[in-house]
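Notes follow once the structure below has been shown.
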Amino acid sequence: MNVATPHGSVAPGTLDLTADKPVPFGRLVKVELRKMLDTRAGLWLLISIVLLTGLVLVIFLINADDKSFVNAMQATATPQGILLPVLGILLVTSEWSQRTAMVTFTLEPHRGKVLWSKVTAAVLLGLAAVVLALVVASAVTAVGGTSDAWHDASLQLVLQYVVLQLLSVLGGLVFGLLFLNTAAAIVTSYALPIAFSIITSLVSSFHKVQPWVDPGTAQTPLQSGEILSGKEWSHVIVTSLIWVVLPFAIGMWRVLRAEVK
Amino acid sequence: MGRVITLENVTKRYGAFTAVDDVSFTAQPGRVTGFLGPNGAGKSTSMRVMVGLTPPNGGRATIGGHLYSQIPNPARHVGVLLDASAQHAGRTGREVLRISADTMGVGPKRVEEMLELVGLSGNEAKRRVRNYSLGMRQRLGIANAFLGDPSVLILDEPVNGLDPAGIHWMRGLLRQFASQGGTVLLSSHLLHEVEMIADDMILIGRGKIVAQGTKAELLQTRGTYVKPEDPAALLQALQGAGVEAIPSGDGGFRSEAEPIDIGRAAAAAGVVLIELKPAEGAGLEEMFLQLTSDDARESITAQGVQV
Ligand SMILES: Nc1ncnc2c1ncn2[C@@H]1O[C@H](COP(=O)(O)OP(=O)(O)O)[C@@H](O)[C@H]1O
Ligand SMILES: [Mg+2]
């Protein structure tokens, strides 16, 4: 029964670490991706993203007036924009709701490294969703597009779409990190930006600053099918600093110091 | 210091409440050390401090001379089971191990070996943890702790929820691990469990170490209690036989001598005895019972009995 044998080679009473290597970051990312796929919640979420993306494009094929590639791509933005944040949230909160954080942070005590591996996994899953959307949108355009379906397609528009979807998955992750609770994170990540948009648009003195503080306003041009101006990019960057980077830093700081139990 | 688990003056406070109060002890390689204390004594908190999940307010815990967080890929050296229920209910037992194995970098073959080791191979490994009994979760947790082929084990209440056969199995597993040079620290709130498994014992109550030593030392009840019909006559008889005895205040005496020597001295002098028995007080059982009963807690922790 030597499976239960302590290291034989080590002299009694010595914990020799000279040959030890830290857990590679890439391995942590792979584990995070696996964690997303091996539970029903995660799996169904990914399946839903695939199915809804396909579904809106079928509807697009049947219903849309202008069947161009850019319009097809934008049609997928809505279902993905709704579901990708949940994916980001679950990546973080399931560790707390299921209390697996205790095991995760025991296997890798560098909690920052674990959280960055989750960010990486979120980006990779977001990119996978984007690629899926682009591939299916291209297929739909090729099959049923109008004669000049590709005329307004450009790499820059595709990149804007990528940015939009990545902000959406990372925005979810950040809310998950702030609340460490699935329900609270989901509700707030939908309700708070909307409430914030409403308030800032109601109060007229806010109108000038609104695109600088309200992510909804700042991200609207990303979905408009227009190339963004420099100022519009600044809006996207500043609102992302406020709504993604800052809360991420706060959430990270808290998790690094917190007691995990 | 090698594979020794060392706590030096570890203190953890929650607001005004001190859950772990200046705790120091060591757990040695080659031995199973039982960490015994009633519920709420501070065992789990101390163990979380050892693996860096709970930052202490003071003191430090090291394993083999290193802070846990400074060990690269620590699961290859230290097997940890803190809470058997802290597993994703929606994963299968095998998948739980697979995730740990992937993280620490041991292959899927090792997962199968560990499932085999804890008796969860076959259908049980395919079931979701949600449908596991507490005993099965404990076995899965043990498999998880052994996965990285560690030389140190830190196990929080691993016997909880196991049936007698399971306890017996666990005993064999941990004893073998220790006999091959491994260090085992396991906590329990049941004296009997620790008695069965451990070589050394650390007794904690209200966050403070109350007693520590080998099992033999701690379970020993030294000396004799004797209560005669006529105290003066017995004292004279004992002095005549060269046996020292101290009045215990209730008409009886305590003595370092064995009951048989006192019995003989009394018989030789014709003194009638009402009671003659091994003295209580140093006994772990009594100390533990006192710890467990709420009203006795104050007095025993204040004295801080050391054996
Ligand atoms: N987050 C917390 N806030 C306040 N008290 C706590 C907290 N965590 C643990 N405690 C208290 O610390 C004490 C020690 O708990 P614990 O280490 O779990 O004991 P044990 O494992 O020996 O049963 C208990 O009285 C518990 O109520
Ligand atoms: Mg406990």
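For segment B:5-218, compute the orientation-averaged projected area of the C-alpha convex hull (one quarter of its surface), in nm².
Value for segment B:5-218: 11.3 nm².
Using all alpha carbons of the protein assembly as shown, what is the percent of pairwise distances in each 10 Å bin, ordered from the shortest bin to the longest?
3, 15, 20, 18, 14, 11, 8, 4, 2, 2, 1, 0, 0
Would you please calculate the Kirkwood hydrodynamic radius of segment A:10-89 over all C-alpha pairs and express it in Å, rounded to one decimal?
After inverting the pairwise mean of 1/r, the radius is 16.2 Å.
Would you please give the FRET efficiency between residue A:78 and residue B:214, computed as 1/(1 + (r/R0)^6) with r the Cβ-Cβ distance and R0 = 60 Å, to the nearest 0.05?
Once rounded, the FRET efficiency stands at 0.30.
Going by amide H atoms built from the backbone, whose H comes under 5 Å of the H on residue B:81, apart from near neighbours?
Here the answer is B:154, B:155, B:156, since their amide H atoms fall under 5 Å of that of residue B:81.
Which percent of the accessible heavy-atom area of chain B goes to carbon and sulfur, probe 1.4 angstrom?
49 percent
Give a residue-ordered list of calculated ³J(HN,Hα) values for segment A:231-248 (Karplus: 6.51 cos²θ - 1.76 cosθ + 1.60, θ = phi - 60°; whole Hz; x for Gly, Pro).
The phi angles translate into 5, 5, 4, 4, 4, 4, 5, 5, 5, 5, 4, 6, 9, 10, 5, 4, x, 5 Hz.
Sort out for me the Cα centre separation of segment A:64-138 from segment B:205-237, rounded to whole Å.
A separation of 66 Å, based on Cα centres.
Where only protein heavy atoms count, and the probe is 1.4 Å, what is the accessible area per residue for segment A:188-244 in Å²?
Here the per-residue accessible area is 56 Å².
Given the convex hull of the Cα atoms of segment B:44-117, what is a quarter of its surface area in nm²?
Working: hull surface 23.4 nm².
So the mean shadow area of the Cα hull is 5.8 nm².
Residues with amide H under 5 Å of residue B:12's amide H, sequence separation 5 or more or different chain, H placed in the peptide plane at 1.01 Å from N; which?
B:19, B:20, B:21, B:22, B:57
Testing the spin-label approximation: label points 7 Å from Cα along Cα→Cβ at residue B:16 and residue B:275. State their distance in nm.
Reported label-point gap for residue B:16 and residue B:275 is 4.1 nm.
Compare A:206, A:196, A:105 by solvent-accessible area with a 1.4 Å probe and give them largest first, with all protein chains kept in place. Intermediate results must be reported in sequence, preceding the final value.
Working: A:206 85, A:196 65, A:105 5 Å².
Sorted by accessible area, descending: A:206, A:196, A:105.
At R0 = 35 Å, how high is the FRET efficiency between residue A:143 and residue A:220 if r is their beta carbon distance? Nearest 0.05 is fine.
Values: r = 30 Å, r/R0 = 0.85.
About 0.75, to the nearest 0.05.
Taking only Cα atoms and a 10 Å spring cutoff, compute GNM fluctuations for chain B and point out the largest among B:31, B:175, B:127.
Ranking B:31, B:175, B:127 by mean-square fluctuation puts B:127 first.
Enumerate the whole-percent occupancy of each 10 Å bin, from 0 to the last occupied one, for all C-alpha pair distances of segment A:25-256.
It works out to 8, 30, 33, 22, 7, 1, in whole percents.
Sequence-distant or interchain residues sharing an amide H contact under 5 Å with residue B:204, placed H: which?
The answer is B:36, B:37, B:210.
Please check: in the Gaussian network model of chain A (C-alpha springs, under 10 Å), which one of A:83, A:178, A:241 has the largest mean-square fluctuation.
A:241
Projected onto the charge dipole of chain B (+1 at Lys/Arg Cβ, -1 at Asp/Glu Cβ, origin at the Cα centre), which of B:79, B:189, B:57 gives the Cα projection farthest towards the positive end?
Of the listed residues, the answer is B:79.
Could you please state how large a percent of the accessible area of chain A is carbon and sulfur, counting protein chains only and using a 1.4 Å probe?
Result for chain A: 71 percent of the exposed heavy-atom area is carbon or sulfur.
In sequence order, what are the phi-derived ³J(HN,Hα) couplings for segment B:7-23 according to the Karplus relation 6.51 cos²θ - 1.76 cosθ + 1.60 with θ = phi - 60°, rounded to whole Hz, with x for glycine and proline?
10, 10, 6, 6, 10, 9, 10, 10, x, 7, 8, 9, 7, 10, 10, 6, 8
Interface size between chain B and chain A, please: total buried accessible area, 1.4 Å probe, rounded to the nearest 100 Å². Before the final figure, lay out the partial values.
Numbers: alone 14520 and 14610 Å², together 24780 Å².
Separately minus together, B and A give about 4400 Å² buried.
Springs between alpha-carbon pairs under 10 angstrom, Gaussian network model over chain A: which of A:129, A:153, A:19 fluctuates most?
Greatest mean-square fluctuation among the candidates belongs to A:19.
Projecting each Cα onto the charge dipole of the protein assembly as shown (Lys/Arg +1, Asp/Glu -1 at the beta carbon, about the Cα centre), which of B:198, B:24, A:82 comes out farthest on the positive side?
Most positive-ward Cα: A:82.
Can you give me the distance in nm between label points at residue B:168 and residue A:58, each placed 7 Å from the Cα along the Cα-to-Cβ direction?
6.0 nm
What pairs in A:113/B:126; B:43/B:208; A:21/B:12; A:30/A:113 have C-alpha atoms more than 20 Å from each other?
With Cα atoms farther than 20 Å apart: A:113/B:126; A:21/B:12.
Just the number please: accessible area per residue for chain B, 1.4 Å probe, all protein chains included, in Å².
Accessible area per residue, chain B: 41 Å².
Would you kindly derive the ³J(HN,Hα) couplings of segment A:76-81 from the backbone phi angles with the Karplus curve 6.51 cos²θ - 1.76 cosθ + 1.60 (θ = phi - 60°), listing them in order in whole Hz, with x for Gly and Pro?
6, 5, 5, x, 5, x
Work out how far the C-alpha atoms of segment B:224-280 reach from end to end along every principal axis, then list the three figures in whole Å, largest first.
26, 19, 16
Under a Cβ-only charge scheme (Lys and Arg +1, Asp and Glu -1), can you give me the dipole magnitude of segment B:1-126 about the Cα centre, in debye to the nearest 20?
Values: 14 positive and 10 negative charges, 25 e Å.
Here segment B:1-126 has a charge dipole of around 120 debye.
Rounded to the nearest 500, what is the 222 nm mean residue ellipticity of the protein assembly as shown from helices alone, with -39500 (n - 2.57) per DSSP H run of 4+ residues and division by all residues?
-17000 deg cm²/dmol, from helical runs alone.
The values are calculated or read from the model by the stated rules, or taken from the named source; none is laboratory data. In this text, all values refer to a predicted model and were calculated from it rather than measured experimentally. Positions of Cβ are generated from backbone atoms using ideal geometry, with glycine treated the same way; all protein chains shown enter the neighbour counts. SASA here: full protein model, heavy atoms, side chains in, ligands and nucleic acids out. Shrake-Rupley method; radii C 1.70, N 1.55, O 1.52, S 1.80 Å.
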